[in-house]
1. From zero up to wherever the largest Cα-Cα distance of the chain sits, split into 10 Å bins and tell me the percent of pairs in each.
2. Taking N as the number of residues in the range 131-173, what is its Cα Rg relative to 2.2 N^0.38 Å?
3. With labels modelled as points extended 7 Å from the Cα through the Cβ direction, what inter-label distance (nm, one decimal) is found for ASP159 paired with ILE111?
4. For VAL40 paired with LEU52, estimate the spin-label separation in nm (one decimal), with each label point 7 Å from Cα along the Cα-to-Cβ line.
5. Of the peptides 167-177, 181-191, how do they stack up when ordered by the mean number of other Cβ atoms within 10 Å, highest first?
6. Going through the DSSP H helices of the chain, which span 18 Å or more along their own axis at the Cα atoms while scoring at least 0.5 as a mean Kyte-Doolittle hydropathy?
7. Just to confirm, what accessible area per residue do you get for the chain at 1.4 Å probe, in whole Å²?
8. Can you tell me the order of 198-208, 56-66 when each peptide is scored by its average per-residue count of other Cβ atoms within 10 angstrom, highest first?
Amino acid sequence: MSAPLVALGDTEVGSGAKQPPARRRRLRQLNSQDRIVLGVMIAIPTLIQAVLVWLPTLGSIALSFARWDGLALSDIHGNGLTNYRFVFAESPQFWPAVLHNVTWLAFLAVIGTPLGLLLAVLLDSKIRGTRIYQTIFFMPVMLSLALIGIIWELVYSQDNGLLNFLLGTSGTPRAIDWFGNSHVNLWAALVAATWRHAGYIMILYLAGLKGVDPSLREAAALDGANGAQTFFRVVFPAMAPTNVIIVVITVIESLRAFDIVYVINHGTNGLELLSVLVVQYLVGETQVIGIGSAFAVVLLVISLVPIVIYLSRTFSTKER
């Protein structure tokens, strides 16, 4: 016969062998040294964020209502809404820059982001050499936009550029000045920006695809759905959090576009953007600190819209 079992707390012990009772793990209380370490770890990033981000932001907001030559602080004088009236009503560059930023957003949303999604879907299908392809498509993301602008200058060069060479117009009067012609330079810059943006979106969607429950695909296949139906009706909706993040990233990328157009021609001659106007009025030849700060505040307000939408959706999802 088996030995009788004796209940001891939450543990059953046979009469022939003694076992120690199960012990509950206790959470260690934070001592004063732990609190100091945690306080330092929180305080240092917060201080850096305040000094490098929040203080300049508040300073720009204050200067947007002032007139200042950028020299002595005693020369700062209140200017009311004059700077904003210039931005919205008198500046000949503001509305063209807004149109260019909207065009930039539309191009990335219609061309760049779907291209990144397409690459992610193809590479997620476990094709041969997928790691190599991921590296190739992600390589532009590791480069700065300024360097990308320089690379594409070599492609678009009127005299010795690769594109004119392929078109057979290199060295002839028919050669197109892709970056100098105000009718085409914006589209040329957008192609260069999409080259980088698509790789970034590809990596994000690859991560999202890996997180989709495989049972959803299996259930769709059992219901007779083909590949396209499975993706658009099952997989893509299941990546809703990733989709929201990518929409926000696309909007922000279109608003903060600066490096490529500044490398090309300092954001002039058809490449005016809001970010370029901020730099031109703050540190450029047409230096007017108050107007440049007003441009910066307008760009800040526009940028906050997708961020607020993203945060509100995130917190509402967690509450549900």
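The values are calculated or read from the model by the stated rules, or taken from the named source; none is laboratory data. Keep in mind the model is a prediction, meaning the values are calculated, not measured. Every residue, glycine among them, receives a Cβ derived from its backbone with ideal geometry; neighbour counts consider all protein chains shown. Heads up: the accessible areas ignore ligands, DNA and RNA and are worked out on the full protein's heavy atoms, side chains in. Shrake-Rupley method; radii C 1.70, N 1.55, O 1.52, S 1.80 Å.
1. Cα pair-distance distribution for the chain, in percent: 5, 17, 21, 20, 16, 10, 4, 3, 2, 1, 0.
2. Computed over Cα atoms of the range 131-173, the ratio equals 1.49.
3. Reported label-point gap for ASP159 and ILE111 is 2.8 nm.
4. About 2.0 nm separates the two model spin labels.
5. Top to bottom by mean Cβ count within 10 Å: 181-191, 167-177.
6. 32-49, 94-107, 185-210, 240-255, 289-319
7. Numbers: 20290 Å² over 320 residues.
Value returned for the chain: 63 Å² of accessible area per residue.
8. Values: 198-208: 21.4, 56-66: 16.0.
Top of the packing list down: 198-208, 56-66.
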